[in-house]
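See structure below.
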Amino acid sequence: SKEGKAESLVIGVGGFLGLGAKNVTYDFNKAQWAEKNGDRWLVAQTTKEELQAQPDFNRKAYDPAPATTASNEPAPTAPAATTAPAAAPADKTAGAPAAAAPDQTQTAAIDKSTLTAMPVGEIKADDLKGTTVYGANDAKVGEIGDVVLAPDKKADAVIVNVGGFLGIGEKEVAVGLDNLKFMTDKNGKKYLYTTFTKEQLESQPAYDKGSYAEKRDQQRLIVK
């Protein structure tokens, strides 16, 4: 939409080896998240036949109108098309929660002068989950999905989910609590500011719970 929120999934159906496939739209709000074998799936409550019966998706309607010299009026801006990966096979028994639009939090909407610094020692591990993470130039780079505890039960690192699209294909990166800067607003919402870029986080070795203790120095990224 013009506000940057997902309205439809564009799903490629039919065809053979990529040939003859057609793109159709599916209402994003009708899609559901499901957990299966430790992976996250986006489930469309429909069948392949129902999708193939839908009219072809017309992308031209979403392309910006070309500029013209016939008028001094600016060309209207059409809503941007958002294409998601093809949905997983329909599983109408999946008890998944209703999908929600992606978080639209932008740094530009946050007045940092109104935020208060929080000492790391005063923050409980469970309170960190879901915290928005900002990196270089205060650009949003991800959010905290989990916290790694040391043998003494103190927080050793936060797991930042970066990359992916609408929650699919995200990478988990462990960031040590050393020199991290947590802030909170008057409503108690927390923000984490680092010096990393999204590219730096995505190039970091992924966090692996099974090998973290052994490979902590390789998997744990530290703010210097």
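The values are calculated or read from the model by the stated rules, or taken from the named source; none is laboratory data. None of these values were measured; they are calculated from a predicted model. Note that each Cβ is placed from the backbone with ideal geometry, even for glycine, and that neighbours are counted across all protein chains shown. The protein model used for the area step is the full one, side chains on, heavy atoms only, and it has no ligands, DNA or RNA in it. Shrake-Rupley method; radii C 1.70, N 1.55, O 1.52, S 1.80 Å.
Some notes on this structure:
- An oblate overall shape is assigned to region 151-224, the ratio a/c of its alpha-carbon gyration tensor axes (a ≥ b ≥ c) being 1.5 or greater and a/b not exceeding b/c.
- Nearby lysines by direct alpha-carbon distance to K36 (threshold 27 angstrom, same-chain neighbours under 8 apart not counted): K5, K48, K92, K129, K171, K209
- Calculated over region 110-157: convex hull of Cα atoms, volume per residue (Å³): 94 Å³
- Between K186 and E50, the modelled label-to-label distance comes to 4.7 nm, taking each label 7 Å out from Cα in the direction of the beta carbon.
- Förster radius 25 Å - calculated FRET efficiency between D127 and K153 (Cβ-Cβ, nearest 0.05): 0.95
- FRET efficiency, S211 to A139 (Cβ-Cβ, R0 30 Å, nearest 0.05): 0.50
- Largest accessible area first, the listed residues E35, E214 line up as E214, E35 when surface is computed with a 1.4 Å probe on the assembled protein chains.
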